[in-house]
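See structure below.
The values are calculated or read from the model by the stated rules, or taken from the named source; none is laboratory data. Remember, predicted model here, so these are calculated numbers, not experimental data. Glycine also receives a Cβ, built like all others from the backbone with ideal geometry; neighbour counts cover every protein chain displayed.
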Amino acid sequence: MISPAGLASEARLLLVGRALRACVDGYVAVLLPAYLLALGLGTWEVGLLSTATLLGSALATLAVGAWGHHFRHRSLLLAAAVLMAATGLAFAGLSGFWPLMLVAFVGTLNPSSGDVSVFLPLEHARLADAAQGDARIALFARYSLTGALCAALGALAAAVPDLLIGQGIARIAALRSMFLLYGAIGVAVWLLYRRLPEPAPQDLPAPPTPLGVSRGIVVKLAALFSVDAFAGGLMVNSLLALWLFQRFDLSLAAAGSFFFWSGLLNAASQLAAPWVAKRIGLVNTMVFTHLPANLCLILAAFAPSLPIALGLLLTRSALSQMDVPTRSAFVMAVVTAPERAAAASFTAVPRSLAAALSPSLGGALFAAGLLAAPLVACGTLKIVYDLALFVAFRRHRDQRD
């Protein structure tokens, strides 16, 4: 039996691990397209590699859900950390498209603004056992906020290659050094997670209950969430960075600064979401904050200048993430308590798979010279999702928990 002090120590280890991973994810999302372009790859290849990373992560998450119970969570986390270290080393040492595609698929790189790696379900499972009741909610809030803030800080590190280039280091070498750092952080996470306690067999949680009476509403939610995720995949952070590079010739340092402030606004919006939801309900919060955010994205596609485009994108960042905690809370509120674990998995995996399909399409549109198309398509599809969600669950629009 793990003592309360041991559980608190475990929670701290998981939060530190999340912080380290978020920092490197923050700059990788910005540097990935710049690195691939510097290697001589095209914009379509950038989209394909982004798709490979998301698809691989989605399938790995599905595998953990299906077969992970045969292994200890600590062992799986250590294996994921080894994979993270190998991913960084491989990306730093390879130049060909197909080898990089293979590493992107099986590795842990994250081109998006949120955590989509195999670490996520494993860390969530450990966190769920580290606290109870309100303390568990607070712990998950700290986990999400830690990830958002550290990803924002990590985005500032995207300026490091420019500093290295100014010291006479070749551009390719400067960019590769950041992937070596990614691998080194993977080693640090492995060392950190070696300290995680291993629960005794009698302390392991009981297997979850499959979907039953709530199956219909969960299937409807999963379908709607997949539309939203597919739309979001058209404009993951790596593709948004690529758009800023292509449209406005933005520097790495300026892009890192933008994603830093964008990440801070994302974090602030997640903090504000519970306060808003208490007053207008979960569905209303999801829809009425998402709609203006998506309009800002569409308008940014046609912005005549960089300041206007960045202003619209930052406004979007301040609103677009309020649906993240409210979406999770809504799923938990509309299903029975025994079905919650199954509902969380059933809605998460289709989202991951849908998000993995669209970055290659966004890259293809960029390659065809249609720079505005991915932004417009993303914003339009998300508006369709918002309206469909509002209509489908209008009876629940005043629900607050």
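What to note about this one:
- Those residues of the range 26-45 which are among the hydroxyl-bearing types (Ser, Thr, Tyr) and over 14 Å from ALA174 (Cβ atoms), in sequence order: THR43
- Test result for LEU164, in a helix (DSSP H, G or I), buried (at least 19 other Cβ atoms within 10 Å of the Cβ) and either at pLDDT below 75 or not basic (Lys, Arg) (or both): no
- Filter result for SER317 (at pLDDT 90 or above and crowded, with 17+ Cβ neighbours inside 10 Å): yes
- Those residues of the range 262-289 which are among the polar types (S, T, N, Q) and within 21 Å of LEU389 (Cα to Cα), in sequence order: SER269, GLN270, ASN284, THR285, THR289
- Given (1) under 17 Å from CYS378 (Cα atoms); (2) surrounded by fewer than 21 Cβ atoms within 10 Å (Cβ to Cβ), number of the condition VAL287 does not satisfy: (2)
- When SER75, SER95 are checked against the criterion of being surrounded by fewer than 18 Cβ atoms within 10 Å (Cβ to Cβ), assigned to a loop (DSSP other than H, G, I, E, B) and modelled with pLDDT of 80 or more, SER95 stands alone in meeting it.
- Top-ranked residue in the range 263-322 [being within 24 Å of ARG247 (Cα to Cα), of a type outside the set (Phe, Trp, Tyr) and not in a helix (DSSP H, G or I); ranked as nearest to the chain's Cα centre (by Cα)]: ALA303
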